[in-house]
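Okay, so here's the structure we're looking at.
Read the figures in this text as sums done on the coordinates, not as results from a lab. From a predicted model like this one, the values you see are computed outputs, not experimental measurements. In this analysis, Cβ positions are derived from the backbone assuming ideal geometry, glycine residues included, and neighbour counts consider all displayed protein chains.
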Amino acid sequence: MSDVKTRPPEAAKRGRPRLDELTTSDLESIPALETIIGYRLRRAQLYVFQDFIESFTRMKLRPAEFSVLSVMARRPGLKQTEIAEELGIKRANFVALMDSLERRGLAERRKADTDKRSHSLHLTPEGVKFVRKMMAVWTAHEERLVEKLGGPEERDRLIELLDRIVARD
């Protein structure tokens, strides 16, 4: 027999049970993934994003670009910081996103009338045409999702439930 001491596994050193040491009651307390809200939301998000990506492939449009163009179409003249904040996009990421939309000729920055240091954002004429096409594609995408949910009432119910999760207390 050797005098060499074996080191215990890392998990045992930290006081955590090894997988083969879990008891039946430990295993019973592990929830099925299908019952975990975060897991189900993530799976639904992946489905929705996959359908979105497939729908907008020809237009070469990503979800973040869709969101920015939608806000700009509904409320032209907002500042970059206002749109970035509304959509939860970091400033540096938003600048790169706007650069891309400008290169494509869909949007433009204009010096704000009230503050020459900031920019208001506007669709170009080409951007207006693009948004019209974008909304037609989005409508078909959204209709597929609403149908899977069981109709507009179920969509509204889902949105209400999701709003409860994200509402500020």
Legend entry - Degrees between helix 91-103 axis and first principal axis of the chain (Cα, 0 to 90, nearest 10): 50
Legend entry - Relative packing of 36-48, 82-94, which averages over residues the other C-beta atoms within 10 Å, highest first: 82-94, 36-48
Inset, instruction - Sort 34, 108 so the one with the fewest other Cβ atoms within 10 Å of its own Cβ comes first. - result: 34, 108
Inset, instruction - Quick one: order 130, 49, 56 by neighbouring beta-carbon count within 10 Å, fewest to most. - result: 49, 56, 130
Legend entry - Above-threshold pairs, the threshold being 28 Å between Cα atoms, out of 90/111; 90/148; 90/116: 90/148
